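All of the numbers you see were taken from the coordinates with simple rules; none came from a lab. Since we're looking at a predicted model, the values are computed, not measured. A quick note on method: Cβ atoms are made from the backbone with ideal geometry, for glycine too, and the neighbour counts reach across all protein chains shown.
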Amino acid sequence: MADIKIEIDGQIVNAKAGETLIAVTDREGISVPRFCYHKKLSTSASCRMCLVDIEGVPKPQTSCSTPVSDGMKIHTQNDKAKASQKAVMEFLLINHPLDCPICDQGGECELQDVAVEYGSDVSRFSEGKRVIAASDIGPLIQTDMTRCIHCTRCVRFGSEIAGMMEMGGTGRGEDLKIEPFLAQGITSELSGNMIDVCPVGALTSKPFRYELRSWQMASVDSIARHDLTGSNIYAQTYKGQVKRVVSGDNEAVNETWISDRDRFSYEGLAHENRLLAPQIKVSGQWKEVEWDVALDFAVKGLNKHVLNNRKAHQLGGLASNTATTEEFYLMQKLLRELGCENLDYRLNINNLEQAIELASNIKLEELESIDYALVIGSNLRLEQPMINHRLRKAQLAGAQISAVNVKAFDYNFKTNHSTVAPQEIATLLAGILKCILEKQSIELPAYLAHVSSGELSLELADKLLNAESSVIVLGEHIVNNAQAAGIAQLVTEIAKRVKGATLNVSMTANALGAQHANFVPTSSGMNANEMLKADMRAFLLLDVYPEYDFHHASSAIEALSKEDVFVVSINSFNNDVIAKYADVLLPMAAMYETSGSHININHDIQSFKAVVQAPEEAKPAWKILKVLADLLELPGFHYENSTQISGELAHQSVHEHNQNSALALNAKSTKIETIWMHSAYHSDVLLRHAKSLSMSKIGQTNIASMSASTAKELSLKEGDYYLGVPVDITSDMADGCVFVSSNQATMGGLQ
Amino acid sequence: MISDNAKKQIDTWIAKYPEGRQSSAVMEALKIVQAENENQLSHDTIQAVADYLNMPGIAAAEVATFYENYNHQPVGKHIIRFCHNISCMLNGSDDLIAHLETKLGVKTGEVTKDGLISVKKVECLGACVGAPMFQIGDQYYENLTTDKIDDIVDGLK
């Protein structure tokens, strides 16, 4: 686009030919009122509020839909422009109720702001106003459609960004209503963004309803930590409580959108199950005590059980993947100073010998410009919503996307979907690699000699070879595949051959932070699963909830509950399971209550401050670990704030993992494989306590999907339960496997 | 939900548009399905049309609720489609609609007890020159008066 000069209100400004006038005025900081225009959505020019006067054009023009051209002279403030804007405002206010005092949008309402500037204080309209009956569109969004001004931002958000058109305009003229068609209401995993884009009080946050006025709250920027994106957010607080979360802008990370999970998880902070005071177990009875008593008890217990007898190798440290990078770092430093190498955050993996090692070497923004993506083993839309959003943008721009999953998941963009049983994934990938090597006339390694490339392998190999830029995305459903490590190696190999990128979404939350902080055992230490089997004397746990976090849930609980095993458990929430095995409970600050950093898929280290103070006696985990280290008389823990830890961490070199250089595929499993995934709104402890999310359709997900033949083999029918989860027999599933998506604990499930 | 016959008819409309643009046939598809369902569309039939054309239900509902040709309530054998837009209104359509309602003993949107006639207010039918006017079937009746309306309605069987 050519550079041109235009004149706005007598001021010469530079612009690109063809860009819209409103984009120029926004860039130049010239205020033009608008309702329907949104920089990330298509132009509808329906509200007419942005009318301006352009010299030589008889009628005022909408600046959101007028492309600029060289020499254009625009007046945004002259009589003609002002008169048009005023007239539009008067029309918009005809049907809009003047109920600002009881409207949740009051104080942060675009209509209110513009009305103050352009509106008249007296209405000439004496007829009846239009009223629209209230409707319930789900637990997250409160509607009051009488206030709707038909800007259609929510409708366009649904069809253009969320990829599912749920809202629409029905009726005509004064009967036009913005509403969802389906009785189930709004179900998108990004639905909360409709609240942010709504310029009036028609769509507001339901959990936040009637809570506070926007000006009463302090808005603090923070980072959401439920997935690999680390979306930028603003946490809005009042009297030490997070009251609402809204999206922040960061083009490189989340643009301007956030997932519902990031938006509504704060509700869990005030849950009654929060652990609020240190507790110790004395002769089987829990007792609330002061911090120094609890810490002293913990230190004495650790000394007695392991340290005094030089048995640090019988101590184990386990942490949840939601910890901050600083917490991971401090905990591994503490354990290693004690001479303990047994530490792990990879709790949900069946066989850590087969742990996935795969690089993520493409940035979120770059995902948009790929022309081919192969997604393996991921229901990306629910598991990593913002990564899915970037791929969707790539697809809309013309990229082809293939998905290889056990189930035909509902992606919100066009995919070539193949359902493949977990047992066959490695063979499929080996087949792809073989095709590629053959086409590139490269000698085949031994392990590919007996692989036969099926039709699907050929097709996917062709697509990868023909793509200018490709990415292979490996998801969480693969972590417990019997051949997981081999699959990851094949993916790396294939990507190398086609000069494509890889994206490892087989882990989530702050798993990259854990790796960065070396929170993985070296060869002399035990991994999570080994610890469960070994003769341990003590455990230090950081926000671990074994009934959900562990793949081997009941073995974990058993190992922790063993007699004479001393368990120091640092937790943000309490429950009966923890109470049974722990000896000391130390209450920790949850998300939003602690400072630290999160590492996202771009490898951006995004740091955040504590937004609110932890309730009652709860303390940030880094402080607990620091004091614990001091009391254990370990050197080098003189930190005053988490930034000092980050500083030290920055100079730390990351251990290279022993990569198996020779690729050897493990034998494939022959039994029916079960993939257990927590539903998207139950993937970490804060989410599990967020009330409104749990009530939403995604939060209610609890099904065990299987094909008819698998069901027959398992002697199950519709209405039965599989591992405690209702059976869903569907033709969308590959044979020989079950896909569980559940909001329940893994307890009693997989072993 | 959609009969094979209706599907066949809809397919001929889909064929008129470029591949992948089957949703362009939504207006005809709704019309065809409505004709098979006692001249009205329900939530479910709209969803069925949307599914058949691979478009969101709400997008089909937007079309079905925008145009007056689609009925969302039971209708009579004859539908009197009374224009109430500006030209007709200025020429007295409000009074004539009231007269019609009294005569038939129904409100607009309702059906007479014998199921013969229903009255519907519609947007401009492009016959302002003959305002006030209404449409029954394919026939326009213009320059209406109370007497003229009585004659027309009495003639409906």
(message) Give the list, by residue number, of cysteines in chain A with no other Cys Cβ closer than 4.7 Å, or say none.
(response) A:CYS50, A:CYS64, A:CYS100, A:CYS103, A:CYS109, A:CYS148, A:CYS154, A:CYS198, A:CYS340, A:CYS435, A:CYS737
(request) Mind listing the long-range amide H neighbours of A:PHE573? Cut-off is under 5 Å, sequence gap 5 or more, other chains count too, H placed in the peptide plane at 1.01 Å from N. (result) A:LEU275
(message) Per-residue Cβ counts within 10 Å, from other chains only, averaged over B:52-65: what number is that?
(response) 5
(message) If you fit an axis through the alpha-carbon atoms of helix A:291-302 and take the longest principal axis of the Cα set of chain A, what angle between them do you get, 0 to 90°, nearest 10?
(response) 40 degrees
(request) Report the label-to-label distance for A:ALA534 and A:SER709 in nanometres (one decimal), using points 7 Å from each Cα along the Cα→Cβ vector. (result) 4.4 nm
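Highest mean first, how do A:563-569, A:115-121, A:321-327 rank when packing is the count of other Cβ atoms within 10 Å averaged over residues?
Details: A:563-569: 18.6, A:115-121: 13.6, A:321-327: 28.1.
Listed from highest to lowest mean packing, they are A:321-327, A:563-569, A:115-121.
Note down the magnitude of the dipole of region A:673-742 about its Cα centre, charges +1 on Lys and Arg C-beta and -1 on Asp and Glu C-beta and zero elsewhere, to the nearest 20 debye. Please list the in-between numbers first.
Details: 5 positive and 8 negative charges, 74 e Å.
Charge dipole, region A:673-742, about its Cα centre: 360 debye, nearest 20.
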(request) Note the angle between two axes, namely the Cα long axis of helix A:621-631 and the longest principal axis of the Cα atoms of chain A, as a number of degrees from 0 to 90, rounded to the nearest 10. (result) 30 degrees
(message) With +1 on the Cβ of every Lys and Arg and -1 on the Cβ of every Asp and Glu, and nothing else charged, how large is the dipole of region A:27-172 about its Cα centre, in debye rounded to the nearest 20?
(response) 460 debye
(request) Report the calculated FRET efficiency for A:TYR721 and A:GLU272 (r = Cβ-Cβ distance, R0 = 30 Å), to the nearest 0.05. (result) 0.55
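By how many nm would the segment from A:ILE672 to A:ASN308 lengthen if fully extended, with 0.36 nm per residue of separation less the alpha-carbon distance? Before the final figure, lay out the partial values.
On the way: separation 364, 0.36 × 364 = 131.04 nm, distance 4.72 nm.
Between A:ILE672 and A:ASN308, full extension yields 126.3 nm more.
How far, in nm, would the chain grow between A:GLU640 and A:LYS697 when pulled straight, counting 0.36 nm per residue and subtracting the alpha carbon separation? Numbers along the way, then the final one.
Working: separation 57, 0.36 × 57 = 20.52 nm, distance 4.38 nm.
Here the answer is 16.1 nm.
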(request) Among the aspartates and glutamates, select those whose C-alpha is under 16 Å from the C-alpha of A:LYS300, and discard any that sit fewer than 8 residues away in the same chain. (result) A:GLU290, A:ASP292, A:ASP564, A:ASP583, A:ASP630, A:GLU633
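Taking other Cβ within 10 Å of each residue's Cβ, how do A:THR62, A:THR146, A:THR643 sort, fewest first?
On the way: A:THR62 25, A:THR146 18, A:THR643 15.
Ascending number of Cβ neighbours within 10 Å: A:THR643, A:THR146, A:THR62.
Could you work out the local net charge near A:TYR238, counting Lys and Arg as +1, Asp and Glu as -1, over the other residues with Cβ closer than 13 Å to its Cβ? Kindly include the intermediate steps, with their values, before the conclusion.
On the way: positive: A:ARG213, A:LYS239, A:LYS243, A:ARG244; negative: A:GLU211.
Value of the local net charge: +3.
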(request) Could you work out the local net charge near A:GLU55, counting Lys and Arg as +1, Asp and Glu as -1, over the other residues with Cβ closer than 14 Å to its Cβ? (result) -2
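Please give the FRET efficiency for B:TYR17 paired with B:ASN69, using the beta carbon to beta carbon distance and R0 = 25 Å, rounded to the nearest 0.05. Don't skip to the end; give the middle numbers.
Details: r = 20 Å, r/R0 = 0.79.
Given R0 = 25 Å and the Cβ-Cβ separation, E is 0.80.
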(request) State, to one decimal in nm, how far the label point of A:ALA579 lies from the label point of B:ASP114, with both points 7 Å from Cα in the Cβ direction. (result) 7.6 nm
(request) Return the distance in nm (one decimal) between the two label points of a simple spin-label model at A:SER31 and B:ILE86, each offset 7 Å from Cα along Cα→Cβ. (result) 3.5 nm
(message) Taking a virtual spin label 7 Å from the Cα of A:GLU117 along the C-beta vector, which residues in region A:194-209 bring their backbone nitrogen under 17 Å of it?
(response) A:199-200
(message) Using only DSSP helix segments of four residues or longer, with each worth -39500 (n - 2.57), what per-residue ellipticity at 222 nm results for the protein assembly as shown after dividing by its residue count and rounding to 500?
(response) -8500 deg cm²/dmol
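When DSSP beta bridges are limited to those with both residues in region A:673-742, what percentage is antiparallel, rounded to the nearest 5? Working shown, then result.
On the way: 6 of 15 bridges.
So the antiparallel bridges in region A:673-742 amount to around 40 percent.
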(request) Quick one: what are the phi-derived ³J(HN,Hα) couplings along region A:579-588, Karplus 6.51/-1.76/1.60 with θ = phi - 60°, whole Hz, x for glycine and proline? (result) 4, 6, 9, 6, 10, 9, 10, 10, x, 10
(request) Using the charge dipole of the protein assembly as shown (Lys, Arg: +1 at Cβ; Asp, Glu: -1 at Cβ; taken about the Cα centre), state which of A:GLN61, A:HIS417, A:GLY724 has its Cα farthest towards the positive end. (result) A:GLY724
(request) Could you list A:CYS737, A:CYS103 in order of exposure, starting from the residue whose Cβ has the fewest other Cβ atoms within 10 Å? (result) A:CYS103, A:CYS737
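For region B:4-66, just say rounded, prolate or oblate: build the C-alpha gyration tensor, square-root its eigenvalues into a ≥ b ≥ c, call rounded for a/c under 1.5, and beyond that prolate if a/b exceeds b/c, oblate if not. Don't jump to the answer; show the numbers that get you there.
Values: a/c = 1.89, a/b = 1.21, b/c = 1.55.
Verdict is oblate for region B:4-66.
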(request) Compute the length gained on full extension between A:SER418 and A:LYS16: take 0.36 nm times their separation in residues and subtract their Cα-Cα distance, giving the result in nm to one decimal. (result) 140.3 nm
(request) No other cysteine beta carbon under 4.7 Å away is the test; run it over chain B and list who passes. (result) B:CYS124, B:CYS128
(request) In whole Hz, with x marking every Gly and Pro, tabulate ³J(HN,Hα) for region A:387-394 from phi via Karplus 6.51 cos²θ - 1.76 cosθ + 1.60, θ = phi - 60°. (result) 5, 4, 4, 5, 5, 4, 4, 4
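Dipole magnitude of the protein assembly as shown about its Cα centre, charges +1 at Lys/Arg Cβ and -1 at Asp/Glu Cβ only, in debye to the nearest 20? Numbers along the way, then the final one.
On the way: 81 positive and 113 negative charges, 34 e Å.
The calculated dipole for the protein assembly as shown is roughly 160 debye.
Give the order of A:MET695, B:MET133, A:MET145 when sorted by the count of other beta carbons within 10 angstrom, beginning with the fewest. Write down the numbers at each step before the final one.
Numbers: A:MET695 15, B:MET133 24, A:MET145 18.
With the fewest neighbours first, A:MET695, B:MET133, A:MET145 line up as A:MET695, A:MET145, B:MET133.
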(request) Could you pull out every residue, at least 5 positions away or on a different chain, whose amide H is within less than 5 Å of the one on B:ILE117? Hs are placed 1.01 Å off N in the peptide plane, and Pro or chain starts have none. (result) B:LYS77, B:HIS78, B:THR112
(request) Kindly write out, for region A:377-385 in residue order, the coupling ³J(HN,Hα) from the Karplus curve 6.51 cos²θ - 1.76 cosθ + 1.60 (θ = phi - 60°), rounded to whole Hz, with x marking Gly and Pro. (result) x, 8, 9, 3, 4, 8, 7, 9, x
(message) Test of the criteria: in region A:163-234, which trypsin sites (Lys or Arg not before Pro) are in a DSSP loop and have at most 16 other Cβ atoms within 10 angstrom of their Cβ?
(response) A:ARG172, A:ARG209, A:ARG213
